[in-house]
Amino acid sequence: MRQALQAAGHADTIIAAPASTRTAAEAAAAMGCTVAQIIKSLIFRVGGQPVLVLASGINRVDPAKLAALAGAAVERPDAAWVRAVTGFAIGGVAPIGHLTPPLAWLDEDLLALDPLWAAAGSPAHVFRTSAWQLLDLTGARPAALREVPP
Ligand code: 5CA
């Protein structure tokens, strides 16, 4: 993960957190930021292929919106498949350095927030980044993916 960051020309901002960063809420508490500033790197299975959605920690992704963008049915894979395609265990899935480079979308709400923190491949490591750097790093396209509560 550190190598992927450096190879992409991103500063090495990885931090070994003083407490668990397994969930967005835990990561926010550990880093002293808002939950919105924590990036969830979520893997969906679309047409059999991994798709990465980078979402704000406070948002839920609407699978119907993702299906409309991707043009195929969206499934939530199990933890074993996530590990097989990314090389990361749930709770530590990073936005980059995946075994299978996924198509990616970025929750547009992240564009208004800075800095952002994302998992760095473990449930106790995060790195500081920005939405613009993530777009560059992952090739993600910004999109309206947030589930709107009824
Ligand atoms: N380290 C934190 C903050 S960066 C983190 O990785 N958060 S996360 O949201 O990206 O990862 C947890 C997500 O994994 C959950 O939101 C959930 O969507 C997904 N998840 C949790 N358990 C499972 C499971 N058993 N199978 C598939 N996905 C799961």
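Please treat every number below as a calculation from the coordinates, not as lab data. Here the structure is a predicted model, which means the values were calculated and not measured. Don't worry about glycine lacking a Cβ; one is built from the backbone with ideal geometry, like all the others, and counts go over all protein chains shown.
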| field | Relative packing of peptides 98-106, 142-150 - highest average C-beta neighbours within 10 Å first | value | 98-106, 142-150
| field | Magnitude of the charge dipole, the chain, Cβ model with Lys/Arg +1 and Asp/Glu -1, debye to 20 | value | 240
| note | For residue 90, the net charge from surrounding residues (Cβ-Cβ under 13 Å; K, R +1; D, E -1) works out to +3
| query | Which percent of the Cα-Cα distances in the chain go past 18 Å? | reply | 53
| request: Compute the relative contact order of the range 2-130 as a whole-number percentage, counting only Cα pairs closer than 8 Å that sit 6 or more residues apart in sequence. | output: 31
| task | Show the residues, 5+ positions off or on another chain, whose built amide H is closer than 5 Å to the amide H of residue 104. | result | 52, 141
| task | Could you list which residues have their amide H under 5 Å from that of residue 126, counting only those 5 or more apart in sequence or on another chain, with H placed in the peptide plane? | result | 15, 17, 120
| query | Using helices alone, what [θ] at 222 nm do you get for the chain, with -39,500 (n - 2.57) per DSSP H run of 4 or more residues, divided over all residues and rounded to the nearest 500? | reply | -6500 deg cm²/dmol
| field | Computed lengthening from residue 34 to residue 20, 0.36 nm per intervening residue step minus Cα-Cα distance | value | 3.5 nm
| said: Using a Debye calculation, one point per C-alpha and no hydration shell, please list log10 I(q)/I(0) for the range 1-81 at q = 0.16 Å⁻¹ in order. | reply: -0.79
| said: If packing is taken as the average number of other Cβ atoms within 10 Å across a peptide's residues, how do 81-88, 18-25 rank, most packed first? | reply: 81-88, 18-25
| request: For residue 61, enumerate residues with amide H under 5 Å from its amide H, sequence gap 5+ or separate chain, H modeled in the peptide plane. | output: 147
